[in-house]
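Notes to accompany the following structure.
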Amino acid sequence: MAVRCRFFARLREQAGTETETVEVPPGSTADDVYEALRRSHPALEPNRDAVRVAVNQEFRDWGTTVAEGDELAFIPPVSGGAHRVGVLFELGSQPLDARRLEAAVAHPGAGAICTFTGIVRDNSRGQSVTHLDYEAYAEMATAQMHRIGDEIAESWPEARVAMAHRTGKLEVGEASVVVSVSCPHRDEAIAACKWGIDRLKESVPIWKKEHAADGT
């Protein structure tokens, strides 16, 4: 079924459009519609507490079921305010796309985007490696990524940061982690990105197991 979506203020800027028609399955909720939109527009605000939804010009809960032809409006806090430094934090088993994270942090005021991508290599401590397995305490890991975003905001208030980490089995050559940071200037972007990946490695509860060619 088709529903019509409208974006206002900074959400319109993040989506790059004022209106959009979205196809969703029957029985979908307002939250389902917003998730579908975020897949198409990864820069959209991920924090539901920072967005209100109206269905047919009435404010509704995110769990409200929508119907064919409904109009949904996504509205940021009326008072406005500064942007959120952390725009995207993800943990999952799907392949990572660094370009997607860069798109999430890009905006007209960003003069530089620095991206770190960690890749599974074929050797470690003198042994050949066939693949890695990553395990995470998912709820805590995502929360800690948000905290790192808050830390970056303290030192680089004009930055925007996105982080994503893989879990499960990864083959040699696959990306395991991506951190992307935008800032007005390159020195800030590079410094904030380095801070972000260093803090992620030391504080986010994610573990890897290396599998060697000899079966160990």
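From the list GLU139, GLU174, which one is surrounded by 14 or more Cβ atoms within 10 Å (Cβ to Cβ) and either at pLDDT below 90 or farther than 26 Å from ARG12 by Cα (or both)? Break it down into steps so the answer makes sense when it comes.
Values: GLU139 fails: surrounded by 14 or more Cβ atoms within 10 Å (Cβ to Cβ).
Of GLU139, GLU174, the one residue that is surrounded by 14 or more Cβ atoms within 10 Å (Cβ to Cβ) and either at pLDDT below 90 or farther than 26 Å from ARG12 by Cα (or both) is GLU174.
Residue by residue, here is whether (1) surrounded by 18 or more Cβ atoms within 10 Å (Cβ to Cβ); (2) not charged (D, E, K, R) holds:
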{"site": "ARG12", "(1), (2)": "no, no"}
{"site": "GLY69", "(1), (2)": "no, yes"}
{"site": "LEU72", "(1), (2)": "yes, yes"}
{"site": "PRO76", "(1), (2)": "yes, yes"}
{"site": "GLY86", "(1), (2)": "yes, yes"}
{"site": "PHE89", "(1), (2)": "yes, yes"}
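When the range 15-35 is filtered for residues that are among the small types (Gly, Ala, Ser) and buried (at least 17 other Cβ atoms within 10 Å of the Cβ), the ones remaining, listed by number, are ALA15, SER28, ALA30.
Look at the range 7-25: where a residue is more than 13 Å from ARG38 (Cβ to Cβ) and a partner is assigned to a helix (DSSP H, G or I) and among the basic types (Lys, Arg), sitting 6+ places away or on another chain with Cβ atoms under 6 Å, you get GLU18/ARG12. Of the strands (runs of 3 or more DSSP E) contained entirely in the range 122-192, those carrying at least 2 residues that are under 22 Å from ASN47 (Cβ atoms) fall at 160-166, 175-183. Quick check: is even one residue across the range 88-96 outside the structural domain of ALA175 (by TED's automatic domain parsing) and part of a loop (DSSP other than H, G, I, E, B)? Taking every residue of the range 88-96 in turn, none turns out to be outside the structural domain of ALA175 (by TED's automatic domain parsing) and part of a loop (DSSP other than H, G, I, E, B). Set side by side, the residues VAL66, VAL33, VAL51 differ, and just one is more than 15 Å from the chain's Cα centre (by Cα), farther than 25 Å from ALA104 by Cα, modelled with pLDDT of 85 or more and not acidic (Asp, Glu), which is VAL66.
Against the numbered list (1) charged (D, E, K, R); (2) surrounded by fewer than 23 Cβ atoms within 10 Å (Cβ to Cβ); (3) closer than 17 Å to GLY92 by Cα, ARG166 comes up short only at (2).
The values are calculated or read from the model by the stated rules, or taken from the named source; none is laboratory data. The shown structure was predicted, so the numbers you read here are calculated from the model rather than taken from an experiment. Here Cβ is always computed from backbone atoms with ideal geometry, including for glycine, and neighbour counts include all displayed protein chains.
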